Structures are given as structure tokens and as C-alpha cells.
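Presented below is the structure to which this report refers.
The values are calculated or read from the model by the stated rules, or taken from the named source; none is laboratory data. The structure displayed is predicted, hence computed values, not measured ones. As a convention, Cβ positions derive from the backbone with ideal geometry for all residues, glycine included, and neighbour counts pool all protein chains shown.
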Amino acid sequence: MEKSIETIWKEGFLRNDLTVAPKINNLYNQKSRNIIDRIKGMMRVNLIALVMFSVVIVVWWYFLGVLYLGILVAVLLNVFAYYMKLQMEGMKELDHGACSYDYLKAFNNWLEDSIDNNVKIMRVFYPVMFLCAIATIWFSNDNATVLKELFSRHFPQMILWGDIAVVVLAVVVFVALAMAFFAGRIYRWDVNLVYGRVFRKLKEIMADMEELRS
């Protein structure tokens, strides 16, 4: 009895002696290479963008009169960029000689591990960046003087801790802690915003290959 096309497709991932199987294997090999190359390319662009943005931050913060904060933010961005570069170096350890499905699965596992590791970093990175942003608003140019006058004029009974209203300080600390707590959701939303489409395509290709192999 002649084999169905579906059976030939499935066997194509296990045998290379069929006439149609090599064509199907080549098709999925090409799809795998294309999607992985696209993800790698987007990661490299993201890496370069981080470094370039850190330079812009230093110049921008210089004109705001808080160069030291700009340098701190730039250092944080570059440290994270360097960590991303180290992670990308880990892709070289994947077995390029494996079949397209195994390589795709190994690449997907590497992606998920990288995201999980980045979430741990974001629990510190997000709150620190938020505090730097608030400090920039407070200390840049004459903002501190203006803000203190506004508080004293409209909220004269407000309790102060030094020159800062306690309630404002409490809100800032609360938001920073909330960002640390929800860092995983925030980061995954951020990643999905940039890479969501290609990640879904990766999952679709893997699902197709798993169905053919079953």
C-alpha cells in the first residue's frame, strides 16, 4: 500500500533515503536557519542600541546638570550589554552538527534560560534605573528648589525628611519595590514587545516539526 504524504513527511525526519524526505528536511532546515539568524540579528541590533543609548544618556544628562547620574546609568546599560554579549557567546556552544529539530530545540532552551537569567538581573536593574530617573528629576538644573517651594506652598503640613516629603519618598520606595517584585512580568512584556513575533514563529516551526516526527 502506498504511503501517504503525511507518513513520508514524518519519516523524512528519521530517514534520508526517501525521494521526498530530503526536500522536506531541507525546507525545515532553511526555515530553522532563517528564524535563528533573524533572532541573532535582532539581538545584535539591540546590543548596539544599548551601547549607543548609553552615550546619548551621558550627553543628555550632562546638559541636565547631573552628569554623575548619567554616567551611572550608562555604566548600568553597558554592564547589561556586556552580559548580553556573554550570553550570545553561549550560542556558539550549541551543537551545529545536530539535526535542525534538535538544534532548534537547543536554541529555544538557550533562549528560555537567558530570559530567566535576565529576569533575576532586572529585579535590581529596574528599581535602580527608576531611582536614577527620579533623582534626575529632583537634582537636574533647579528642579529641587522649585519642587521644594511647590511642596511648602501647597502642602505646608507635609512631614519632611531633610528636604524631601516623606509621603513622596514612601511612594518612590513603594514603586521601586513593586518594580523589583514584578520585574519578571515587566521584562517578559518588554521582550515580547520586541521579539514576540519571531519567538512565536520559532514555536510554530518547532510545533510543525514535532508533529511530523510524532
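Table: residues versus (1) of a type outside the set (Ser, Thr, Tyr); (2) more than 30 Å from residue 205 (Cβ to Cβ); (3) in contact with a Leu (Cβ under 8 Å, 6 or more places away or on another chain); (4) not in a loop (DSSP other than H, G, I, E, B).
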residue	(1), (2), (3), (4)
59	yes, yes, no, yes
68	no, yes, no, yes
78	yes, yes, yes, yes
103	no, no, yes, yes
117	yes, no, no, yes
List the number of the failed condition for residue 61; all other conditions in (1) of a type in the set (Phe, Trp, Tyr); (2) over 23 Å from residue 196 (Cβ atoms); (3) without any contact (Cβ under 8 Å) to a residue 60 or more places away in the chain hold.
(3)
Determine which member of the set 147, 212, 177 is in contact with a helix residue (DSSP H, G or I) (Cβ under 9 Å, 6 or more places away or on another chain), of a type outside the set (Asp, Glu), at pLDDT below 65 and part of a helix (DSSP H, G or I).
147
Quick one: residue 81 ticks every box in (1) modelled with pLDDT under 90; (2) at negative phi except a single one, so which number is it?
(1)
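One line per residue, one yes/no per condition, for (1) among the polar types (S, T, N, Q); (2) surrounded by fewer than 18 Cβ atoms within 10 Å (Cβ to Cβ); (3) under 27 Å from residue 52 (Cβ atoms); (4) in contact (Cβ under 8 Å) with a residue 12 or more places away in the chain:
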{"position": "71", "(1), (2), (3), (4)": "no, yes, yes, yes"}
{"position": "86", "(1), (2), (3), (4)": "no, yes, yes, no"}
{"position": "89", "(1), (2), (3), (4)": "no, yes, yes, no"}
{"position": "103", "(1), (2), (3), (4)": "no, no, no, yes"}
{"position": "106", "(1), (2), (3), (4)": "no, yes, no, yes"}
{"position": "109", "(1), (2), (3), (4)": "yes, yes, no, no"}
{"position": "114", "(1), (2), (3), (4)": "yes, no, yes, yes"}
{"position": "119", "(1), (2), (3), (4)": "no, yes, yes, yes"}
{"position": "122", "(1), (2), (3), (4)": "no, no, yes, yes"}
Need the failing condition index for residue 3 against (1) at pLDDT below 90; (2) basic (Lys, Arg); (3) under 27 Å from the mean Cα position of the chain (by Cα), just the number.
(3)
